[in-house]
1. Going through the cross-link list 53/115; 86/144; 27/287, which pairs have a Cα-Cα distance over 30 Å in this structure?
2. Does anyone have the angle between helix 294-306 and the longest principal axis of the chain? Alpha-carbon axes, 0 to 90°, nearest 10?
3. Using the reciprocal of the averaged 1/r over all distinct C-alpha pairs, how large is the Kirkwood radius of the stretch 185-260 in Å?
4. Can you list which of the GluC sites (Glu not before Pro) found in the stretch 86-133 are DSSP loop residues with at most 12 other C-beta atoms within 10 Å?
5. If packing is taken as the average number of other Cβ atoms within 10 Å across a peptide's residues, how do 70-79, 294-303, 47-56, 155-164 rank, most packed first?
6. State the Cα centre-to-centre distance between the stretch 37-101 and the stretch 193-257 in whole Å.
7. Given a 10 angstrom Cα cut-off, can you work out which residue in 149, 16, 100 is the most mobile in a GNM of the chain?
8. Could you tell me how many degrees, from 0 to 90 and to the nearest 10, lie between the Cα long axis of helix 13-27 and the main elongation axis, the longest principal axis, of the Cα atoms of the chain?
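Throughout, read-outs are computed from the coordinates displayed, never taken from laboratory work. Please read all numbers here as calculations on a predicted model, not as lab measurements. All Cβ positions, even for glycine, are placed from backbone atoms using ideal geometry, and neighbour counts span all protein chains on display.
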Amino acid sequence: MRVILYVFSGTGNTLKVAGLYKKYLEKSNINEVTDAPDEGASVTVDIYRVSKKSGEMPSPDGYDLVGIGYPIHGFSAPEPAIELCKALPQVENKPTFFFKSSGEGLHLNDGSSQKCLKILTKKGYDVMCERHIVMPYNMIYRHKDEMAKQMWIYAHAMVELHCRELLAGKREKVKRTALWALWVAPIRFLEQKFSHMHGPLFKVHKDKCVNCMRCVNVCPENNIKFEDGKFKFGHDCVLCMGCSFGCPADAISVGVFGLWKVNGSYHVDKLVKDESIPFPYVPNHAKGIYRLYKKYYRECDKRLSDAGLTVQDYI
Ligand SMILES: Cc1cc2nc3c(=O)[nH]c(=O)nc-3n(C[C@H](O)[C@H](O)[C@H](O)COP(=O)(O)O)c2cc1C
């Protein structure tokens, strides 16, 4: 079985989650999961990162399953994920799934795949299900190490469970935005328009910059140019935060989002191994904003226990 994952990822969270899909799909024994008679069947997973810097987009032809991964932006799929769906070719009943990462598990994020679903369904993609994986915020505020550790342990558990479900052909309706939450719908539209207008307000501070050119090299929209000794930010920004989040010198300011800026990767694999960091953090120690995550983790625990699994197996 061959699987292709098309992934847009600004700061690497969704790409990390795609890595988990690759790990657990390739580890699966298809026969065990599906009781299929073809003994020895194996799964291979290819990952294509959506970026204007990536080479030609591979065709889904020749793949048995397609995954589309994206970070939630403004309660929706970001522009590059929608453009990806528009660029994919017509197919015939191609089994497909979405996986999305976001900073919180609130139900306001539920309907984020609807636009992509509409586009792909018209093109013959058979969207079977989606999975929402909560990962440490790349904007708004920096998550505590305790929280980042919990998120990454649960990401492993929830992705492995999803992989088993995918291989068993399980279907689940792609969620819609609840009626009470429809007010979030215009936010995506505004965010897209605004991100382009706002792009040139990003700035590199020369006193801090170490001239590594990482920002120029990672921008998925080729929106950052270094010309005549100066960094220039154009109008193609999609607010992915790849430049400022990963800047090793924290030298990039992000226009009106200054107070929401988060800089520096979360080293999730290291955090998981650090036994001095308590696990689980939610619900045991959760205070303030972290109480909002209780519902998400209750739902994860329920899904895992219904499948006879427990998150403790992933520590
Ligand atoms: C412009 C922007 C908008 C975002 N909007 C949301 C949101 O509506 N809901 C949410 O839970 N997280 C939101 N986030 C957080 C990201 O979805 C989250 O950090 C995600 O894991 C980032 O994935 P990436 O590293 O693959 O880009 C937003 C982040 C950015 C940069």
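1. On the way: 53/115 25 Å; 86/144 37 Å; 27/287 37 Å.
Result: 86/144; 27/287 exceed 30 Å.
2. 30 degrees
3. Details: mean 1/r = 0.0788 Å⁻¹.
About 12.7 Å, per the Kirkwood formula over Cα pairs.
4. 92
5. 70-79, 155-164, 294-303, 47-56
6. That distance is 27 Å.
7. Greatest mean-square fluctuation among the candidates belongs to 16.
8. Rounded to the nearest ten degrees, it is 20.
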